[in-house]
1. For Phe418, which of the numbered conditions (1) buried (at least 23 other Cβ atoms within 10 Å of the Cβ); (2) under 24 Å from His77 (Cα atoms) fails to hold?
2. Consider Ala233 carefully, then state whether it is within 22 Å of Leu121 (Cβ to Cβ), outside any loop (DSSP other than H, G, I, E, B) and under 24 Å from the mean Cα position of the chain (by Cα).
3. Taking only region 16-29 into account, find how many residues are surrounded by fewer than 22 Cβ atoms within 10 Å (Cβ to Cβ) and either in a loop (DSSP other than H, G, I, E, B) or not acidic (Asp, Glu) (or both).
4. Report whether or not Ala314 is out of contact with any strand residue (DSSP E or B) (no Cβ under 9 Å at 6 or more places or on another chain) and aliphatic (A, V, I, L, M).
5. Among the residues in region 245-265, are any of a type in the set (S, T, N, Q), in contact with a Lys or Arg (Cβ under 7 Å, 6 or more places away or on another chain) and either assigned by TED's automatic domain parsing to the domain that holds Ala100 or not in a helix (DSSP H, G or I) (or both)?
6. Consider Arg294 carefully, then state whether it is closer than 29 Å to Pro412 by Cβ, surrounded by fewer than 24 Cβ atoms within 10 Å (Cβ to Cβ) and without any contact (Cβ under 8 Å) to a residue 60 or more places away in the chain.
7. Hey, among Val429, Val435, which residue is touching a Ser or Thr at 6+ places or on another chain (Cβ under 9 Å), among the hydrophobic types (A, V, I, L, M, F, W, C), farther than 18 Å from Gly66 by Cβ and touching a residue at least 40 places away in the same chain (Cβ under 8 Å)?
Amino acid sequence: MATSANPNGAVERIVIENAAIATVDAQDTEYASGHVVVAGNKIESIGAGQAPEGLENVVRRVDATGHLVTPGLVNTHHHFYQWITRGLATDHNLFNWLVALYPTWARIDEQMTYAAAQGSLGMMARGGVTTAMDHHYVFPQGSGDLSGSIIRAASEMGVRFTLARGSMDRSEKDGGLPPDFAVETLDGALAATEETVKKHHDASFDAMTQVAVAPCSPFSVSTELMKQGAELARRLGVRLHTHGSETVEEEKFCHELFGMGPTDYFESTGWLGEDVWMAHCVHMNDSDIAAFARTGTGVAHCPSSNARLAAGIARVPDMLKAGVPVGLGVDGTASNESGELHTELRNALLINRLGAHREAALNARQALRLGTYGGAQVLGRATQIGSLEAGKLADLVLWKIDGIGHSSIADPVTAIVFGAAAPVTLSLVNGKPVVENGTLLHADEDAIARSTREQAQRLARIAAES
């Protein structure tokens, strides 16, 4: 269904009424029963009660009784290719897990990354994600156009997307973890990254595809790639992303190799700033948090993956208090087999309450903000998405909360954060439906399930024969 303009050029409208609404704006405005009017790809109006009378060119009216409307969820860290290596090395810490899986990951090809991206994107979209992100950093020689295959899958799914074009040039022979055949050269990585940005990055307000520069991590990347990667990103005007301070082993590695901790190392290589966001940031001391706050460096908090790999509990309450931008991430599905972001709202709240701040760590609305506006902040898109406000892009979700799983929970926001995963009745991206009644509109879930299973089996077979 077209939602932008009819043949006469008039902007088409979708009207949503009778919904509980959590806008996640600066004032955390909420409506017990309100409306949202979408005109083309933007939110035209939002408020209490019924929509204004006399609206022209209304192509759809949605009675959202029994639903909560929120901004679409924004995923800030993921590795789509891992969809076809789920359920492996389930009792390992990060470094042992990487050593166990790198030899398999180094055998991926374009057919595999496309199928894995479909699986990852489909699972997230069904669960209310409207902006997805993929940090892809494994580029075996002769494997095809991996970045293009991932971007194609996102475009077909209809979700907004950021590709963090990753890279690795520190292999086992250089003291890193990846096998020697699994990394790129310094010059090769920089050239391929620049080509990807120039080919795919869209800087416009309503961009559906953006690209970030994203060397993988301090233990898989040379200092020169970190420095030149930062220079490249700033020359091209795009954002920077990497892993940081994920484990105690990484802290030890940085001290042994660089003579300093991860945050000081990042600062020395140009990797702190408002255009940077880091994944995990579990092991941060007070001075680390202060440095992130001072520079505006963002964090992708991945609670399920951190628990799966026994990495620890990130100090999210302290980061938020200091003013650090924080969003949520699924992380790769080899360390978070569910592949869903809406469950991370609940896990972020519960896991952080096991930390020093206990029951005061996070509340339901803070968790929702992490998954929406916080994510938009760290992706550099807070003026466009992440909250429901007139003039912003129409990325929004209708959560069904009048069913058996949620109808007796007193508060709508509490229902979707503390309760079971709420069904998605309607998800709009750029004003266009991508999910209805829990079903993907632009992809065949059964076909994706078959292709991801086939590619997982194919990868396992190729890795075993290598």
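The values are calculated or read from the model by the stated rules, or taken from the named source; none is laboratory data. Note that the structure is predicted; figures quoted are calculated from it, not measured. For neighbour counting, all protein chains shown are included, and Cβ atoms are generated from backbone atoms with ideal geometry for every residue, glycine included.
1. (1)
2. In short, no.
3. 6
4. no
5. No, every residue in region 245-265 fails to be of a type in the set (S, T, N, Q), in contact with a Lys or Arg (Cβ under 7 Å, 6 or more places away or on another chain) and either assigned by TED's automatic domain parsing to the domain that holds Ala100 or not in a helix (DSSP H, G or I) (or both).
6. no
7. Val429
Every residue, every condition in (1) touching a residue at least 12 places away in the same chain (Cβ under 8 Å); (2) on the phi < 0 side of the Ramachandran plot; (3) touching a strand residue (DSSP E or B) at 6+ places or on another chain (Cβ under 7 Å), yes or no:
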| residue | (1), (2), (3) |
| --- | --- |
| Arg107 | yes, yes, no |
| Met112 | yes, yes, no |
| Thr162 | yes, yes, yes |
| Ser171 | yes, yes, no |
| Ala191 | no, yes, no |
